[in-house]
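K.L.:
Here's a structure for you.
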Amino acid sequence: MASLSFTKKNGRRYGRVRLSQGRNAKHAMINLGYANTKKAERAFCSIEDFISELETVTQSGRRLDSELLRQLQSYKRTNPKLVADLEKHNIIVRIRSNVTISELIEEIYQLNLKTSKHRTARNYKQAQYHFVQFVGEHTLIEDITVGDVIEFEAKCISDGKAPTTIGNYLKRMRSAFEFAVKKEWIEKNPIQYKTAKYRMKKSSRTERLQKELCTHENLELLLQANKHFEWNVLLTIVRYSGCRVGEALILRWEDISFDPEDPTISFRGKDTEHHADRADMPVRITPMWSEQQEILKRSFSLKRVNDHFVINNILNLRDKPEFEITNDAGQVLVSGRYETNAYQGLRQICRSNGISVWPKLFHSIRDFRINEVANMIGITVPAMDEWFGNTEDVRKKHYSSTKDTTEARQRLAGVRSEASDVRLVCGKEASGSTLEQIVEGVDEADRAKLLEKVLDMLQQAERGLPAKKEKYTRRV
């Protein structure tokens, strides 16, 4: 059994615990420090009792019970040196027999802080803690079974959680336990479930409301609604560039080119905050659409001399850094532009002007624009990948509107390829075949669809495509 003793040191009582086992147990001592008060002495006595119980459990080969685990977690927070000394003397060994689920999640969190965005690390931890709270934070990871996962699923369903949300929780926990397997704390990952049940996708209701409410007419009403001028600038950028709202909020004037031959907007994307030098930041260059040019030129003429960012006077952006500032523990010290939630502001504008609020306002506008551009004649898939910053597979998975138009576009491309092998260039006369010849070569059943598509192309041309239209061609 461990024994507590006090000696005089510098005229004060100094507490130490002698161990009865562990490395060189005969002389093994753990220094506790000075006991200046009765309260400190009682705390030292509690530590002596705790160490004695640990030694008893170690000798018997039993697992730590829930009370000892709770005390161990408490000392890890309040007296980490004591825990380090106990590990040093082999009184506790950090193996699967005493790693709790809260320890696992904290270790994963600290690892993610070093390798991912701090916001991403926090999102992972937040999702994982739903499972931690269900099984109990002091539960050993080796005691968690597939049955616990099944019960957790049932609890989430009974609480009304959406399948996508449940899938998010389970996916995050599975990655955490996969880490524990690699550390050899456990032999098998207990987070087993049918992934097909929890695919990451929009709910049918969300998808339906977006299609019904996020329309060309409503977007026009939104742009014409009474609001701060910079809201018009922000919405015009998002509406026609189809960018993420965070990308628009960190857009600088140096990212915009008003070159009459090739006006462009350069967006910095997902991994931008990891690059200290702006020259190294990942950038995608998109057209400045004709609908954007007038308002951006006007905004440029109105900006203050020292304004670097395009948007400054809404959402309290003027004094915000580009990205959030956090401490070593991942806690947010100052919120940044990129993380600013613009949803509530746009929601209020919609309501004030009698416009129906659709789900995921900004995401839906991006979805709508991707769909709109996908329908334009002469826009190639590689060009879309460059402009919107995602692949065709991602568009099909996360942007529901494009699912309909992809099939229609492919059908239309098939019709044209059978009719002739010509190159259509927006705004230029087709070579090799006339429009009449193309129409005559199409089955009567598909002729109406083809003519409707041609009319669509002419309407798009009237609204104005990007400068250098001849660049964006495709073979049909």
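The values are calculated or read from the model by the stated rules, or taken from the named source; none is laboratory data. Small disclaimer: the values here were computed from a predicted structure and weren't measured. Every residue, glycine as well, gets a Cβ built from its backbone with ideal geometry; the counts of neighbours run over all protein chains shown.
K.L.:
Where residues in the range 187-238 are closer than 30 Å to Y169 by Cβ and of a type in the set (F, W, Y), which of them is modelled with the highest pLDDT?
P.N.:
That would be Y193.
K.L.:
For residues in the range 76-135 being out of contact with any Leu (no Cβ under 6 Å at 6 or more places or on another chain) and small (G, A, S), which is farthest from A180 (Cα to Cα)?
P.N.:
Only one residue fits best here, namely A84.
K.L.:
Please find, among I157, I191, I186, the residue that is closer than 29 Å to S74 by Cα and either exposed (fewer than 14 other Cβ atoms within 10 Å of the Cβ) or free of Cβ contacts under 8 Å to residues at least 60 places away in the same chain (or both).
P.N.:
Working: I157 fails: closer than 29 Å to S74 by Cα; I186 fails: either exposed (fewer than 14 other Cβ atoms within 10 Å of the Cβ) or free of Cβ contacts under 8 Å to residues at least 60 places away in the same chain (or both).
The conditions single out I191.
K.L.:
Another one. Could you grab me the full set of residues in the range 44-70 that are surrounded by fewer than 16 Cβ atoms within 10 Å (Cβ to Cβ) and not in a loop (DSSP other than H, G, I, E, B)?
P.N.:
Pass one, the range 44-70, residues surrounded by fewer than 16 Cβ atoms within 10 Å (Cβ to Cβ): 45-46, 49, 56, 59-63, 65-67, 70.
Correct list: C45, S46, D49, T56, Q59, S60, S66, E67, R70.
K.L.:
Looking at (1) under 30 Å from K8 (Cα atoms); (2) at pLDDT 90 or above; (3) among the charged types (D, E, K, R), find the lone condition where K38 falls short.
P.N.:
All conditions pass for K38, except number (2).
K.L.:
Does R298 count as in contact (Cβ under 8 Å) with a residue 40 or more places away in the chain, basic (K, R) and not assigned by TED's automatic domain parsing to the domain that holds L111?
P.N.:
Answer is no for this residue.
K.L.:
May I ask you to list pairs of residues, at least six apart or on different chains, whose Cβ atoms are under 6 Å apart, with the first in the range 350-369 being of a type in the set (D, E, K, R) and the second being part of a helix (DSSP H, G or I)?
P.N.:
D367/S401
K.L.:
Mind telling me which of the residues K114, K125 ends up being within 17 Å of the chain's Cα centre (by Cα), free of Cβ contacts under 8 Å to residues at least 12 places away in the same chain and assigned to a helix (DSSP H, G or I)? Full working, then the answer.
P.N.:
On the way: K125 fails: free of Cβ contacts under 8 Å to residues at least 12 places away in the same chain.
On inspection, the qualifying residue turns out to be K114.
K.L.:
In the range 163-202, how many are more than 29 Å from L361 (Cβ to Cβ) and of a type in the set (S, T, Y)? Break it down stepwise before answering.
P.N.:
Step one: list which residues in the range 163-202 are more than 29 Å from L361 (Cβ to Cβ), which gives 173-196.
Checking the rest, the ones that are also of a type in the set (S, T, Y) come to 175, 193, 195.
Residues flagged as more than 29 Å from L361 (Cβ to Cβ) and of a type in the set (S, T, Y) within the range 163-202 amount to 3.
K.L.:
Could you check the range 90-117 and list, in sequence order, the residues that are modelled with pLDDT under 85 and either crowded, with 18+ Cβ neighbours inside 10 Å or in contact with a helix residue (DSSP H, G or I) (Cβ under 6 Å, 6 or more places away or on another chain) (or both)?
P.N.:
Across the range 90-117, the qualifying residues are I91, I92, R96, N98, K117.
K.L.:
Any chance you could count how many residues in the range 181-212 are in a loop (DSSP other than H, G, I, E, B) and within 18 Å of K161 (Cα to Cα)? First the steps, then the outcome.
P.N.:
So the first thing to find is which residues in the range 181-212 are in a loop (DSSP other than H, G, I, E, B), and the list is 183-194, 199-203.
Among the residues that remain, those that are also within 18 Å of K161 (Cα to Cα) are: 193-194, 199-203.
Looking only at that region, the number is 7.
K.L.:
Oh, and also: Scan I166, I150 and give me the residue that is buried (at least 20 other Cβ atoms within 10 Å of the Cβ) and either β-branched (V, I, T) or in the same structural domain as D65 (by TED's automatic domain parsing) (or both).
P.N.:
On the way: I150 fails: buried (at least 20 other Cβ atoms within 10 Å of the Cβ).
Only one candidate qualifies: I166.
K.L.:
What's the number of the condition F323 fails, among (1) at pLDDT below 90; (2) of a type outside the set (K, R); (3) surrounded by fewer than 19 Cβ atoms within 10 Å (Cβ to Cβ); (4) within 18 Å of the chain's Cα centre (by Cα)?
P.N.:
That leaves (3) as the condition not met.
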